[in-house]
Amino acid sequence: MTQQKVTKAVIPAAGLGTRFLPATKAQPKEMMPVVDKPAIQYVVEEAVRAGIDDILIITGRNKRSLEDHFDRNFELEYYLEQRGKHADVDEVQALAELADIHYVRQGEPLGLGHAVQVARKHVGDHPFVVLLGDDIMSERSPVLEGMLSIYEQYGRSVIALMEMPIEEISAYGCVKPERVADQLVRILDIVEKPQPAEAPSNLGVVGRYVFTPEIFDMLERVQPGVGGEIQLTDAIGMLLAAQTVYGFTFVEGRYDTGKKIDYLRATVELAIERDDLGPEFRAFLSDLVRERGWLDG
Ligand code: UTP
């Protein structure tokens, strides 16, 4: 079956980021640098790699730095040009040409479901993807491409699911799966932040989704759920009663940069993979391990 091509992405970036205070007091967590790029730049680049270049970013307060990052900065370009720093000029200019980026305000941070609902007018009656602006995927783990190919095959919504240690499942949406094929399940049920003993599996919903436009009808009807927020999970629960929803499962390569420990992991793992910084940084890390005696005993 030939499906309508997915051309639009929505990146919610309007949360308060309370897990990362005080850094997020005056700046969005999506703008925090991981090595030398703000988290959201990795997310936009991932969408572009998957062939999507119409991107709507849902912003909240402090949105200015976000918009400026993906815009031209003539003063800086002129300064760099004058000093012969042509590679830097190319890099900052390329950011403004990376994709066709639009912005809309959420108004109040009423929850992820509400943030996605705000995109309805821009997205219209088309399939679209949602990428959380603080979730980074390693390039080695092409999750979005995998999800889009499932959408192309079945024409139904696809949710990214990662295998979690069961004691961490209460921080995620969690699904009851039915195996369809390798890395592919049909979602039979979904619950937000279950206690480990009640969790239907160890598959947690992580920040990548391909949605059919019917998700907007569900979001319209959803009532505030866990934490008093409009939960995307609840809308997915309603959607799967109306049409099949698939899950794409994977095991590694995802960092929730809104969480301090994952942010640190992302910084270290992405830095050691870099050609420019990697060799020196790896040497520093092995010296550190040796000096502190972490491998002894
Ligand atoms: P999180 O639950 O990680 O965001 O939402 P949060 O509420 O900012 O986090 P903490 O728990 O207070 O630290 C996942 C994504 O959804 C966006 C966030 O910006 C993040 O990218 N979001 C969340 C919104 O855009 N609006 C909201 O009302 C809530």
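What the table below lists for this structure:
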| read-out | value |
| --- | --- |
| Contact order relative to length of the chain, as percent, for alpha carbon pairs under 8 angstrom and 6 or more apart | 22 |
| Label-point separation, GLN195 to GLU108 (7 Å along Cα→Cβ), nm | 3.1 |
| Long-range HN-HN contacts of GLY111 with modeled amide H, under 5 Å | ILE230 |
| About the Cα centre, charge dipole magnitude for the range 104-250 (Lys/Arg +1, Asp/Glu -1 at Cβ), debye | 260 |
| Extension gain (nm, one decimal) between SER286 and ASN62, 0.36 nm per residue minus Cα-Cα | 76.8 nm |
| Accessible surface of the range 170-290 [probe 1.4 Å, protein heavy atoms]: carbon and sulfur percent | 51 |
| Additional length obtainable on full extension of the chain from GLN3 to ASP100, 0.36 nm per residue less Cα span | 32.6 nm |
| Gaussian network model of the chain, Cα within-10 Å springs - most flexible of TYR78, TYR154, TYR209 | TYR78 |
| Two-site FRET efficiency, ARG274 against ASP217, from Cβ-Cβ distance with R₀ of 41 Å, rounded to 0.05 | 0.40 |
| Within a Gaussian network of the chain (alpha carbon springs, distance under 10 Å), most fluctuating of VAL44, VAL104, VAL210 | VAL104 |
| Simple Cβ-charge dipole of the chain, Lys/Arg +1 and Asp/Glu -1, about Cα centre, in debye nearest 20 | 700 |
| Residue of ALA23, ALA115, ALA99 that the Gaussian network model of the chain assigns the largest fluctuation, springs spanning Cα pairs under 10 Å | ALA23 |
| Relative contact order (percent, whole number), the range 143-280, Cα cutoff 8 Å, 6+ residue spacing | 29 |
| Cα lying deepest toward the dipole's positive end in the range 134-242, options LEU184, THR233, TYR209, charges on Cβ | LEU184 |
| Accessible surface, 1.4 Å probe, highest first, among residues ARG186, ARG64, ARG221, ARG105 | ARG64, ARG221, ARG105, ARG186 |
| Extended-chain gain in nm, criterion 0.36 nm per residue less alpha-carbon gap, GLU45 and GLU163 | 40.0 nm |
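The values are calculated or read from the model by the stated rules, or taken from the named source; none is laboratory data. What you see is a predicted model, and the numbers here were worked out from it, not measured in a lab. Backbone-built Cβ (ideal geometry, glycine too); neighbour counts: all protein chains shown. Quick note on the areas: whole protein, heavy atoms, side chains included, nothing else; ligands and nucleic acids left out. Shrake-Rupley method; radii C 1.70, N 1.55, O 1.52, S 1.80 Å.
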